[in-house]
1. Condition check: within 19 Å of residue 314 (Cβ to Cβ), crowded, with 19+ Cβ neighbours inside 10 Å and outside the structural domain of residue 325 (by TED's automatic domain parsing). Does residue 11 satisfy that?
2. Is one or more of the residues making up region 168-181 in contact (Cβ under 8 Å) with a residue 12 or more places away in the chain, surrounded by fewer than 23 Cβ atoms within 10 Å (Cβ to Cβ) and either in contact with a helix residue (DSSP H, G or I) (Cβ under 8 Å, 6 or more places away or on another chain) or not in a strand (DSSP E or B) (or both)?
3. Conditions first: (1) in contact with a helix residue (DSSP H, G or I) (Cβ under 7 Å, 6 or more places away or on another chain); (2) in contact (Cβ under 8 Å) with a residue 60 or more places away in the chain; (3) part of a loop (DSSP other than H, G, I, E, B). Residue 281 passes all but one, so which condition is the exception?
4. How many residues are more than 17 Å from residue 13 (Cα to Cα) and in contact (Cβ under 8 Å) with a residue 40 or more places away in the chain if we restrict to region 142-167?
5. What residue, of 241, 319, 299, is in contact (Cβ under 8 Å) with a residue 24 or more places away in the chain and within 19 Å of residue 205 (Cα to Cα)?
6. Kindly indicate whether any position in region 202-215 is over 19 Å from residue 248 (Cα atoms), part of a strand (DSSP E or B) and out of contact with any helix residue (DSSP H, G or I) (no Cβ under 6 Å at 6 or more places or on another chain).
7. Right, residue 318: buried (at least 16 other Cβ atoms within 10 Å of the Cβ) and in a loop (DSSP other than H, G, I, E, B) or not?
8. Can you find a residue that is within 24 Å of residue 311 (Cα to Cα), touching a strand residue (DSSP E or B) at 6+ places or on another chain (Cβ under 9 Å) and modelled with pLDDT under 95 anywhere in region 260-277?
């Protein structure tokens, strides 16, 4: 499963351009699926029969898209001006490598050299208008021959193995969820289950709304990456959650109050089977659950997440032990739904 997650992290799939991720997942899932749909927005919906039919239709959801950039202007000197897809911290992208478009044109995010900045500029976060992508083009004509307006860009796709079962990669949010769902889909299931690999979560949970409206689940679990702020600059509750301390089971976030019964069911199963778990100590972020729970007559929702340092950056860091424990907890939850 960990190798699957690493492979998924390397694929390009910013919001609106999830094709490569969807195609790879669809090819892997096809031999195990009883039904497979790509909806109008591009979300991949996969159904697999289990040993029994649950009392309420069950949905597991993970989003395929990642944060990235989109090219909005090409100036006469050959530099690319861009906007962000999703919430990206401008402080951490300067000097980072990006790959532009389907042809993977390499570039670097740059800005005015520090020795040309004023004292006031050095005290403030750079503005988006001051950033650009340098692809080495001699002029605007050469740049326009390589890159088109509207082309996407993704961050460096190398995966690094760190100490204590930690890995660094772009897009751990939410290729970790996609990898876990794909792993479960290949196994024998206790109950009939829909798997939704959704699009455009990072720009407003758009794919999840359409997927849930189509499938009408009674119970949905969103499998996600979530903000961990456990670096040396954070203290106490502001750490939010910690990589290596087990799956994160939130009771609330910025978009959802999670179903209390599902929260208690998941945490009870974790305790009974010796799976460490944690909850958020500070409300932050949001997930596809906010769209799923509002569909049609409503849906009971829960989330099981991986704590991710430096989320929405070129260098996300998560713990592979957490990923394995998330999968184990989902297996227990599905088994507990068997009738």
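The values are calculated or read from the model by the stated rules, or taken from the named source; none is laboratory data. As the structure is a computational prediction, the values presented were derived from the model and not from experiment. Don't worry about glycine lacking a Cβ; one is built from the backbone with ideal geometry, like all the others, and counts go over all protein chains shown.
1. Values: within 19 Å of residue 314 (Cβ to Cβ): yes; crowded, with 19+ Cβ neighbours inside 10 Å: yes; outside the structural domain of residue 325 (by TED's automatic domain parsing): no.
Here the answer is no, as residue 11 does not meet what is asked.
2. Here is the first cut: in region 168-181, the residues in contact (Cβ under 8 Å) with a residue 12 or more places away in the chain are 168-181.
Next, only the ones that are surrounded by fewer than 23 Cβ atoms within 10 Å (Cβ to Cβ) stay: 168.
Now narrow it down to the ones that are either in contact with a helix residue (DSSP H, G or I) (Cβ under 8 Å, 6 or more places away or on another chain) or not in a strand (DSSP E or B) (or both): none.
Within region 168-181 (the criterion being in contact (Cβ under 8 Å) with a residue 12 or more places away in the chain, surrounded by fewer than 23 Cβ atoms within 10 Å (Cβ to Cβ) and either in contact with a helix residue (DSSP H, G or I) (Cβ under 8 Å, 6 or more places away or on another chain) or not in a strand (DSSP E or B) (or both)), the answer is no, since none of the residues qualifies.
3. Only one criterion is unmet by residue 281, namely (2).
4. Taking region 142-167 first, the residues more than 17 Å from residue 13 (Cα to Cα) are 142-149, 160-167.
When the remaining residues are screened for being in contact (Cβ under 8 Å) with a residue 40 or more places away in the chain, the result is 142-144, 146-149, 162, 164-167.
Residues flagged as more than 17 Å from residue 13 (Cα to Cα) and in contact (Cβ under 8 Å) with a residue 40 or more places away in the chain within region 142-167 amount to 12.
5. Numbers: 241 fails: within 19 Å of residue 205 (Cα to Cα); 319 fails: within 19 Å of residue 205 (Cα to Cα).
After ruling out the rest, the residue left standing is 299.
6. Within region 202-215, the subset over 19 Å from residue 248 (Cα atoms) is 202-215.
Still in the list and also part of a strand (DSSP E or B): none.
Looking through region 202-215, none of the residues is over 19 Å from residue 248 (Cα atoms), part of a strand (DSSP E or B) and out of contact with any helix residue (DSSP H, G or I) (no Cβ under 6 Å at 6 or more places or on another chain).
7. Details: buried (at least 16 other Cβ atoms within 10 Å of the Cβ): yes; in a loop (DSSP other than H, G, I, E, B): no.
Here the answer is no, as residue 318 does not meet what is asked.
8. No; the residues of region 260-277 include none that is within 24 Å of residue 311 (Cα to Cα), touching a strand residue (DSSP E or B) at 6+ places or on another chain (Cβ under 9 Å) and modelled with pLDDT under 95.
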